[in-house]
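> Here's a structure for you.
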Amino acid sequence: MEKQNSRMSARQWQLVIWLFLIALVNYFDRQSLSVVAPRMQALLHLDDQGYAHIVSLFLFASAIAYGISGFISDQLGTRRSMAVFVGWWSLAEAATAFVSTAWLLGLARFCLGLGEPGLWVAAPKAVGETFDEKRRPLVISIYTMGATVGAIVALPIITAVTTHLPWRSIFLLDGVAGLLLVPVWFWIYRGNDGATLQQPAKAGAMAVLRRSATWKLLIARSITDPVWYFLLFWFPKYLLSARHLPLGSVAKVGWIVYAGGGLGTLMGGLISGRMIRSGIRPGIAYRRIMLVAACIVPLSPLAAFVPGTLSSILIAALIAFAHMGWLATLTAVLVDLYSQQQLGKAAGLIAMGSGFGGMLSSEAVGYLVMHGGYTPVFCLMAVLHPIAITLLWPVYTSREEGHMPQQLEVATEVPS
């Protein structure tokens, strides 16, 4: 590790680029089904509620995977566990190309959900092991932006590929791309796996669960991540069915939403990192970014009410901008609050909230769309981040006021 260098080394930049690329593949894989959903639904005779069940299976598996990925990452070490996660989900994505029934589609997406969350557990550990406090927000933002870029390029690339090749082939191509990145990871990342395998006793799950911050962050993820899941899994369908755009038009303009998310991810890391370098405490910097995001997301109902499709897309892009800035900042909070021995477990347990919240919200969205259309969904999205910021506001209070150093806090904080 080269934490004290004033400038990042070539090896560190290689790590940042790889994390960006694998996050891109990760979200390209997620987006692939939503783009070809009408054709998959017609082939397998799935209505929107059935499609919601498939998405829920993926998110249910994700919730399980988040819970166990932290333990796997801590046990195997960052280097080996990342290879396992990427290899597993890439095989599951490739298998989707061969499904012939709704049951097999659900199984393939369930397996995909078991693998993909591991990236978002192992990546913060890699950042914590390789970069100092001042660089972490930007690095996290860069690789998180890879997810939004994956969502952006998915629309035009999948449209182009499925125009010239059988539409099922997109799943096979996605899976191969992920598998090709595994040997590159072994070449780039040396890590600190030997030290990871010898953890102190206090690094167990109970020590993480005894912290009130764990529960607050878990709940915050569970009620805010559904906003992104809606934009990822349902918004292309909204443009196709409610706004009546043809697939070619969705490919031309739908990417704007995810570009907004990518910009929000980058700006969240840049601004909070600059605040910290200027002398502002990390907790204060993070809370300011998240407060701004929580004030923007309530504009989401406008996306349903404006008459113009482009206006709706631009509003959705603004919501994506705010949410992804929020999410990148929340991840930086996580890396800053927990020690390296606890980070894998904490990241996994907290991200369980994302999986369970996404699963429940997918069922709710499916029901609302079937019985009331998309407008109630946009209205529901407006209240989630304000609730979460109210919950998270006190998380950093004791550290900012100097009441308790981090290492002591790790050992003594109990659930509130």
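The values are calculated or read from the model by the stated rules, or taken from the named source; none is laboratory data. Keep in mind that this is a model prediction, so the values were computed, not measured. Reconstructed Cβ throughout: ideal geometry from the backbone, glycine too, with neighbour counts over all protein chains shown. All accessible areas refer to the heavy atoms of the entire protein, side chains included, with ligands and DNA or RNA removed. Shrake-Rupley method; radii C 1.70, N 1.55, O 1.52, S 1.80 Å.
> For region 7-16, state whether one or more residues are buried (at least 20 other Cβ atoms within 10 Å of the Cβ), under 16 Å from the mean Cα position of the chain (by Cα) and more than 23 Å from GLY254 (Cα to Cα).
no
> Tell me the residue from VAL227, VAL161 that is modelled with pLDDT of 85 or more, open to solvent by less than 10 Å² (accessible area, probe 1.4 Å) and hydrophobic (A, V, I, L, M, F, W, C), please. Lay out the reasoning, then the answer.
Details: VAL161 fails: open to solvent by less than 10 Å² (accessible area, probe 1.4 Å).
None of the other options fit; the residue is VAL227.
Listed here are the residues, each with its yes/no results for (1) assigned to a helix (DSSP H, G or I); (2) surrounded by 17 or more Cβ atoms within 10 Å (Cβ to Cβ); (3) at pLDDT below 90.
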{"residue": "HIS371", "(1), (2), (3)": "yes, no, yes"}
{"residue": "PRO376", "(1), (2), (3)": "yes, yes, no"}
{"residue": "LEU380", "(1), (2), (3)": "yes, yes, no"}
{"residue": "HIS385", "(1), (2), (3)": "yes, yes, no"}
{"residue": "ILE389", "(1), (2), (3)": "yes, yes, no"}
{"residue": "PRO394", "(1), (2), (3)": "yes, no, yes"}
{"residue": "SER398", "(1), (2), (3)": "yes, yes, yes"}
{"residue": "GLY402", "(1), (2), (3)": "no, no, yes"}
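> Let me ask something else. I'd like to know if region 280-295 contains one or more residues that are aromatic (Phe, Trp, Tyr), in contact (Cβ under 8 Å) with a residue 40 or more places away in the chain and open to solvent by less than 40 Å² (accessible area, probe 1.4 Å). Let's see the steps before the verdict.
Applying the first criterion (aromatic (Phe, Trp, Tyr)) to region 280-295 yields 286.
Those still in the list that are in contact (Cβ under 8 Å) with a residue 40 or more places away in the chain too: 286.
Subsequent filtering for residues that are open to solvent by less than 40 Å² (accessible area, probe 1.4 Å) retains 286.
Among the residues of region 280-295, at least one is aromatic (Phe, Trp, Tyr), in contact (Cβ under 8 Å) with a residue 40 or more places away in the chain and open to solvent by less than 40 Å² (accessible area, probe 1.4 Å), which makes the answer yes.
> Does any residue in region 217-235 that is closer than 23 Å to GLY373 by Cα come within less than 9 Å, Cβ to Cβ, of a residue that is among the basic types (Lys, Arg) six or more places away or on a different chain, and which pairs are these?
Qualifying pairs under 9 Å: LEU232/ARG30; PHE233/ARG30.
> From the list ARG221, ARG190, pick out the single residue that is closer than 30 Å to VAL250 by Cα, open to solvent by 20 Å² or more (accessible area, probe 1.4 Å) and either at pLDDT 85 or above or not in a helix (DSSP H, G or I) (or both). I'd like the intermediate steps shown before the answer.
Details: ARG190 fails: closer than 30 Å to VAL250 by Cα.
Answer to the check: ARG221.
> Test of understanding: among ILE152, ILE140, ILE170, which residue is at pLDDT 90 or above, aliphatic (A, V, I, L, M) and surrounded by 20 or more Cβ atoms within 10 Å (Cβ to Cβ)? It would help to see each step written out before you state the result.
Values: ILE152 fails: at pLDDT 90 or above; ILE140 fails: at pLDDT 90 or above.
Going through ILE152, ILE140, ILE170 in turn, the sole match is ILE170.
> The conditions are (1) surrounded by fewer than 24 Cβ atoms within 10 Å (Cβ to Cβ); (2) part of a helix (DSSP H, G or I); (3) not polar (S, T, N, Q), and PRO307 fails exactly one of them. Which is it?
Looking at each condition in turn, PRO307 falls short on (2).
> Residues being open to solvent by 10 Å² or more (accessible area, probe 1.4 Å) and within 17 Å of the chain's Cα centre (by Cα): count how many of those fall in region 334-351. Let's see the steps before the verdict.
If we filter region 334-351 for residues that are open to solvent by 10 Å² or more (accessible area, probe 1.4 Å), which is where we start, we get 334, 336, 339-341, 345, 349.
With within 17 Å of the chain's Cα centre (by Cα) added as a condition, the list becomes 334, 345, 349.
Total satisfying the criteria: 3.
> Select from region 106-121 the residues that are among the hydrophobic types (A, V, I, L, M, F, W, C) and either closer than 11 Å to VAL335 by Cβ or at pLDDT 90 or above (or both) and write down the one among them that is surrounded by the most Cβ atoms within 10 Å (Cβ to Cβ).
Narrowing region 106-121 to residues among the hydrophobic types (A, V, I, L, M, F, W, C): 107-108, 110-112, 114, 119-121.
This time we only want the ones that are either closer than 11 Å to VAL335 by Cβ or at pLDDT 90 or above (or both), so: 107-108, 110-112, 114, 119.
Values: LEU107: 17, ALA108: 24, PHE110: 19, CYS111: 20, LEU112: 31, LEU114: 21, LEU119: 24.
Among them, the one singled out is LEU112.
> Which residues, counting only those in region 47-98, are aliphatic (A, V, I, L, M), open to solvent by 10 Å² or more (accessible area, probe 1.4 Å) and under 16 Å from the mean Cα position of the chain (by Cα)?
ILE64
> Can you find, within region 303-313, the residue that is nearest to ALA251 (Cα to Cα) among those that are free of Cβ contacts under 8 Å to residues at least 40 places away in the same chain and not polar (S, T, N, Q)?
Taking region 303-313 and keeping what is free of Cβ contacts under 8 Å to residues at least 40 places away in the same chain, we get 306-308, 311.
Okay, now just the ones that are also not polar (S, T, N, Q), so 306-308.
Numbers: VAL306: 21, PRO307: 20, GLY308: 17 Å.
That would be GLY308.
> What pairs come out if I take residues in region 248-274 that are touching a residue at least 12 places away in the same chain (Cβ under 8 Å) and outside any helix (DSSP H, G or I) and pair them with residues that are crowded, with 24+ Cβ neighbours inside 10 Å and not hydrophobic (A, V, I, L, M, F, W, C) whose C-beta lies under 9 Å away, six or more apart or interchain?
GLY254/PRO236
> Scan region 84-96 and give yes if some residue there is over 29 Å from LEU343 (Cβ atoms), at pLDDT 90 or above and hydroxyl-bearing (Ser, Thr, Tyr), otherwise no.
Of the residues in region 84-96, the ones over 29 Å from LEU343 (Cβ atoms) are 94-96.
Add one more test, that the residue is at pLDDT 90 or above, and what stays is 94-96.
Now narrow it down to the ones that are hydroxyl-bearing (Ser, Thr, Tyr): 96.
The answer is yes; a qualifying residue exists.
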